[in-house]
Structures are given as C-alpha cells and as structure tokens.
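What follows draws every value from the coordinates through simple rules; no lab data is involved. What you see is a predicted model; the values in this text were computed from it and never measured. Neighbour counts run over all protein chains shown; Cβ positions are idealised from the backbone, glycine included.
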Amino acid sequence: EPLGLVGAMAVPAMLIAYGVSLRLGPRPGSGGSAPVLALIVTLKLVVQPVVAYTVGRFALGMEGAPLLAVTVLAALPAAQNIFVIAVRYDRSTVLARDAVFATTVLSVPAVAVAAAVVG
C-alpha cells in the first residue's frame, strides 16, 4: 500500500516541481540559449513528425488512421522527464524547462498541421 501511494505521487510531484521552476526561475525564453532552444523545438515538433511519417508511410507501409496516430504522437510536446533528469543531474535545467514549455505551447499548431496534412 505505501509503495502504491508513493508511485501514484510521482507524476503529480513532477508536475509540481516543474510549476515551481516556472514560477521561481527566470522567465521562459530568457535563459540565454535561444539558438539551442530553437533547434530543440524544431527537432521535436518538425523533424520528428516528418521522420515518423516517412518511416511509417514508406518503410512500414502504414496508411490512414495508424499513420495519422504515429505522426500526431510524434508531434506531441517533450516529456517532463527531460526536466526531471536535468534537475537530477544539475545539467541545463533552464534549457530543459524552456524546451518543455515551448514544445507544449507550440505542439497545438504542430498537431493541427500534422492532422491536416496526414488526415
């Protein structure tokens, strides 16, 4: 029972830690690594869905709903895990936080474009 409670608390605790970093850290985008952040966002929201579509369509022969699902899932934002790992190892914490924030905000149009193009 206690292990189940601790396990169930993992995701909410991660989200709370991320929210605290947004509130107490520098404003998102002011971390001073704009070119690197732009590269990360482009790789995550443009390159990854294009690669997923290309592999799904041409290497695996997918069509219709499965191809749409693969492409849209690839256009989703970066996971909170990169922020947790950055905090744990004290490496590029602000960049990881900004990458999660930027990909979360920009994933809405990225998913819409992916759905419109593939669907």
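Quick notes on this one:
- Near Ala102, once Lys and Arg are set to +1 and Asp and Glu to -1 for all other residues with Cβ below 15 Å from its Cβ, the sum equals +2.
- Of the DSSP H helices in the chain, those with a Cα length along their own long axis of 15 Å or more and a mean Kyte-Doolittle hydropathy reaching -1.0 comprise 2-24, 64-74, 93-118.
- As a calculated quantity, the FRET efficiency between Val87 and Glu63 at R0 = 35 Å, using C-beta atoms, amounts to about 0.25.
- For the chain, a Kirkwood hydrodynamic radius built from all Cα pairs, placed in the Stokes-Einstein relation at 37 °C and 0.692 mPa s, yields a translational diffusion coefficient of 209 µm²/s.
- Of the chymotrypsin sites (Phe, Trp or Tyr not before Pro) in region 1-83, not one is in a loop by DSSP (not H, G, I, E or B) with at most 11 other beta carbons within 10 Å.
- Whole-number percent relative contact order across region 2-118, with pairs defined as alpha carbons under 8 Å at least 6 apart: 33
- Here is the list for region 65-117: trypsin sites (Lys or Arg not before Pro) lying in DSSP coil, each with at most 16 other C-beta atoms within 10 angstrom of its C-beta, are Arg91.
- Largest GNM mean-square fluctuation among Leu24, Leu106, Leu73, using the chain with Cα springs under 10 Å: Leu24.
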